[in-house]
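Trainee: Take a look at this one; I'll ask things after.
The values are calculated or read from the model by the stated rules, or taken from the named source; none is laboratory data. Treat the numbers as computed from the prediction; the structure is a model and nothing was measured. Quick reminder, even Gly has a Cβ in these numbers, built from the backbone with ideal geometry, and neighbours come from all protein chains shown. Surface accessibility is based on the protein's heavy atoms, side chains included, excluding ligands, DNA and RNA. Shrake-Rupley method; radii C 1.70, N 1.55, O 1.52, S 1.80 Å.
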Amino acid sequence: MRMGTHMGFRRCFLRVSSVAIIGLLLGLPVVGADNEDARFAEGLRQRRLFPLAEAFCRERLADAQLGEADRADLVIQLLRCYAAQAAHAIPADRQPLWQLARQAAADFQRDQAANPRRILVRVQDALTVVTQGELLRLEAEFLPDPGISLEDAKRVLRDAGRILEQLDEELTREIPARHRQPPRGEELAADELTALQHHVRWQRSRAQRGLALCYASDSDDRIAMLTQAVRTLGQGLTQLAAGEPLADRFRIEQAGCYRLLGDFAAADQALRQVQASADQADTVLEARAEAARFELARGQPQKALEVLSQGREIAGRVSPELDFAHLETYLALGRDAHDRGDADQADTWQTKSVAMVKLVEQIHGPAWGRRSDLLLVHSISSGRGAAGLDVLIRTGDNLYRKGQADEAIVAYEKAAQAAAAGGQADQAFQLRYKAALVDQNRQRYGSAAVRLQTLARDLRTQPKAAEAHLLAAWNAAQAARQDEAALERYAEILSEHLTLWTSSTTCDSVHLWLGRLHERQHQWAAAAEAYHKVGRESEHAGEALPAAVRCWEEHLTRLRAEGAPGVPLAGARRGTNEQSGDGDANQEVLESAAQTIADALAGRVEPLLADAARPWTAQDRLAAKSAARFLVQYNRHGGAQAESLLRAASTGNPPPDAAWRATAESLLVLALAAQQGKHAEAERTLRQLGSLPPERLAELVASLSAMAESASAGEQREIAGLRLAAIETLGSRQSQLEASVQARIERWRAESLAAVGRHAEAVTAYGILAARSPDDAPLQTAYAQLLLSGDDPKSWKMALDHWRRIANRARPQSEVWYQAKFGTAVALSKLGQKREAADRILYLQATTPALASTPWASRFAELLRATGTRSCDKERPPTIAGERAGTTSAPKR
């Protein structure tokens, strides 16, 4: 409502007096000003109604009719609003507020370059930087790792000092000019600029003193910066009258610098001058706070208490510095009582300290409350006993509830040290655990992982140590999701856990997570091994065993595809080249790996095989089925073991469900097919699988096809019969399958018909497929080869025509082209045209030099000898109508 009232009025303004300028910058009431907007914004800010104060200032600043002085006043109020809000916010939320303050000042200086009050905004901007640096320094004193924060504080305070120095130099040049020429309009008079310069120098001394406190107490840097601050204050005091309020503030600041330098005589003299002249309540209270600190620095806490006994309030005014000095004194008296062995007195002062912390926050706000909390935590040493421990715990809990996470961690860690010093290892463990949870709850997973890992290692004999370490791994995993580089720590924690807690129930979780990690990295064997180590009674068994099976499958597939070229993937075609010795060796590697995996899975059900009365679980049957599958798919000699596992699991109690039984029976067909003398039994079993879904029967056909690839010639014929039986069992339901699957089954049917000697049916089946896929070279050559293998001239003539078509479509000197040329010659020979067959071979030998470097050379030579013809002179090759050496006029395949 007040904001609305201001909107309709034209703003009036008066030049601000020197006292009002200083009051504005110091956060004191603005004396002598008639700027209602500024006073209203100031009131909102003092009540910590920061969003309302910001909104009001920005609303009024949007008024284009606003006067220059009023505009400067409102921008200053806006900057102070942001700075105060930042001071009261938790550290993590401050940076955007500082940036808003600096940006508002920069915008004003850019848009209001001619504003006569522009320098006031610049000074307020500098004070924002001073405040930011001082807050960083104060809180860095108590943080567990102050290095980074202290460096930030140094940087900000140096910036503040540089800005204030530039302002000081500018005012030194401007003041004499303003004396010579009276101010125009809203310009500041010479005496106002002089007062402003005094204030700038006072703030310079604050920045210099703050920077000094960023260095070690005995360092040359600290001494140098404190000396500079004293010099800056002395320069200002030479130009200030003894009765001016700012002179008293200069001397209070000067006394603090002398105290920090250890020059107690000079500090005492400065304080006496203030005590003799100060007449303002705020100044008297601040001088009293410095006097108490002076006594504390001299190791006289009782004298400090006497100073404070003069009262903490004058005419209703209180000072945050004086109340903070009360806290410092109570803590010092508590330490002194503790050192004397007076536990009751120590507890009394400790209780007073806690009460004062609450009072400081209640009266002076969160910023001072946070500073008081940190001082309380920092001041209670690790050997203060149960009372000190309780205070630290309560303080940590309170800080956490207030959202001060960093400070809460400091309190918990300090409390843990106190508990450990008192021999309370379990309490120390819980407190450090709480500190880690603070980081975890605010999603600082990397830090939480480090805390928990260190805690578990330090106190590994604690009952919950393994669980804490497991939680460290969980946090490391979350950190890895945000940053891939954190995966290394995650893996390290998992490995460490298995070393430190070999028999803990947490190891099952670690094995599971380690399996997931290896699986993510496609380290299939390591992943499967980790999954397999999860205990059968673990809550993770339901996930771990299927995962192990999945990863073993990937591992064996990779071995077969990359390391064992003689063992093609299911449904793949064998090449025309013979297997090498390396292929046989790789086959042995694959079979050995499959056997090892199957034995590992079978080991899970060994107790059940030994005792038929023991019940089978779903996990047990999964292990048996998976072992059998690996044996029949990857090991030519695994049929008997696979059959044994499947029969035991099928007959165990309770009976398996229908889905498992159907899968097991299809695997049993393969297990029987892999054993000599059991193909008839395999076919009987297969014929009983009519109720299997079409997809499962198709998988069985594919598996039989893969088995045939690595079988001997005699076994291939028997397996082909089984494959035909499976396709017949599938019957008309084949149409329910995907088109690509149907095509593969039709191909396998044709191959099977040929393998079992049903030549006529095979020719018909291949003829249909060949007509359907004229560009499928392997299919076309298989069809031509089938025709050539017939026992009648009609079939040979069809083969001859087909080989010629294949040769015309093939790329010259390709594998298919050589195969077609050979097939053509064979067909001619079978048809009694041996002379023409010989001429074609001779022509090919004479015109295709590359032939000699291929495996086909010996086959052509052998065929040529079979025709009764020897090689002719290459200089006079025979002429074959319609052909040229190594080329063709037909379209290339």
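Trainee: Please report the carbon-and-sulfur percent of the accessible area for segment 123-199; probe 1.4 Å, protein heavy atoms only, DNA, RNA and ligands left out.
Mentor: Reported share for carbon and sulfur atoms: 50 percent.
Trainee: Hey, another quick one. Counting each DSSP H run of 4 or more residues in the chain as -39500 (n - 2.57), what helix-only mean residue ellipticity at 222 nm follows after dividing by all residues, to the nearest 500 deg cm²/dmol?
Mentor: -24000 deg cm²/dmol
Trainee: Hey, can you rank 827-837, 445-455 by average C-beta count inside 10 Å, highest first?
Mentor: So the order, starting with the most tightly packed, is 445-455, 827-837.
Trainee: Near W501, within a Cβ-to-Cβ distance under 13 Å, what is the net charge of the other residues, with Lys and Arg +1 and Asp and Glu -1?
Mentor: Neighbour charge sum, excluding W501 itself: 0.
Trainee: If you average 1/r across every pair of different Cα atoms in segment 119-271 and take the reciprocal, what Kirkwood value do you get, in Å?
Mentor: Evaluated on segment 119-271, it is 16.3 Å.
Trainee: In terms of Cα to Cα distance under 13 Å, which aspartates and glutamates are near enough to K352, apart from those fewer than 8 places away along the same chain?
Mentor: Cross-link targets: D323, E328, D344.
Trainee: Quick one: with all protein chains in place, what share of the accessible area of segment 293-438 is carbon or sulfur, to the nearest percent (1.4 Å probe)?
Mentor: Ligands and nucleic acids excluded, carbon and sulfur reach 47 percent.
Trainee: For a label point 7 angstrom out from the Cα of I768 toward its Cβ, which stretches of segment 714-757 have the backbone nitrogen within less than 11 Å?
Mentor: Correct set: 746-747, 749-750.
Trainee: OK, next. Taking a cut-off of 22 Å, what percent of all Cα-Cα pairs in segment 314-401 are separated by more than that?
Mentor: Across segment 314-401, Cα pairs with separations above 22 Å total 24 percent.
Trainee: Then there is this: When the Kirkwood hydrodynamic radius is evaluated over all pairs of different C-alpha atoms of segment 611-678, what value in angstrom, to one decimal, is obtained?
Mentor: Result for segment 611-678, one decimal place: 11.8 Å.
Trainee: Leaving ligands, DNA and RNA out of it, report the carbon-plus-sulfur percent of the accessible area of segment 721-773 at a 1.4 Å probe.
Mentor: Carbon with sulfur: 52 percent of the solvent-accessible area.
Trainee: I want the local charge near A527. Using Cβ-Cβ distances under 10 Å, sum +1 for each Lys or Arg and -1 for each Asp or Glu among the other residues.
Mentor: Cβ neighbours under 10 Å give a net charge of 0.
Trainee: Can I ask one more? Would you please classify the overall shape of segment 271-360 from the alpha carbon gyration tensor, given that a ≥ b ≥ c denote the square roots of the eigenvalues, rounded means a/c under 1.5, and beyond that prolate means a/b larger than b/c while oblate covers the rest?
Mentor: Cα axes put segment 271-360 in the oblate bin.
Trainee: With a sphere of radius 15 Å drawn around the Cβ of Q676, what net charge do the other residues whose Cβ falls strictly inside it have (Lys, Arg +1; Asp, Glu -1)?
Mentor: So the surrounding residues net to -2.
Trainee: Work out Dmax and Rg for segment 163-224 from the C-alpha atoms and quote the Rg first, both in angstrom.
Mentor: Both quantities, over Cα of segment 163-224: 16.0, 52 Å.
Trainee: Still on this model: Suppose R0 equals 56 Å; then what is the FRET efficiency for A680 and A857 from their Cβ-Cβ distance, rounded to the nearest 0.05?
Mentor: Calculated transfer efficiency: 0.80.
Trainee: Sticking with this one: Going highest first, how would you order 302-309, 637-644, 470-477 by mean Cβ packing within 10 Å?
Mentor: Ranked by mean Cβ neighbours within 10 Å, highest first: 470-477, 637-644, 302-309.
Trainee: Provide, for q = 0.06, 0.07, 0.08, 0.10 Å⁻¹, the log10 of I(q)/I(0) from a solvent-free Debye sum over equal Cα point scatterers in the chain.
Mentor: The Cα Debye sum returns log10 ratios of -0.69, -0.76, -0.84, -1.11.
Trainee: Taking 24 Å as the cut-off for C-alpha to C-alpha distance, list the pairs among K434/K464; K303/K414; K358/K414; K625/K678; K464/K533; K794/K834 that go past it.
Mentor: K303/K414
Trainee: Next question. For the peptides 737-747, 205-215, what is the packing order when you average, over each peptide's residues, the other Cβ atoms within 10 Å and list the highest mean first?
Mentor: Those peptides, ordered most packed to least, come out 205-215, 737-747.
Trainee: Per residue, how much accessible surface does the chain expose to a 1.4 Å probe? Answer in Å², no decimals.
Mentor: Here the residues of the chain average 46 Å² of exposed surface.
Trainee: Along the charge dipole of the chain, Cβ charges K/R +1 and D/E -1, which of V377, A465, A743 sits furthest on the positive end?
Mentor: A743
Trainee: For Q112 and T617 in the same chain, what is the full-extension length gain: residue separation times 0.36 nm, less their Cα-Cα distance, in nm?
Mentor: Here the segment from Q112 to T617 would lengthen by 173.6 nm.
Trainee: Ok, one more. Please provide three numbers in whole Å: the alpha-carbon extents of segment 54-103 along the principal axes, with the largest listed first.
Mentor: Largest to smallest, the principal-axis extents are 38, 16, 15 Å.
Trainee: On a C-alpha basis, how far is the centre of segment 152-174 from the centre of segment 603-673 in Å? Whole number, if you could?
Mentor: 83 Å
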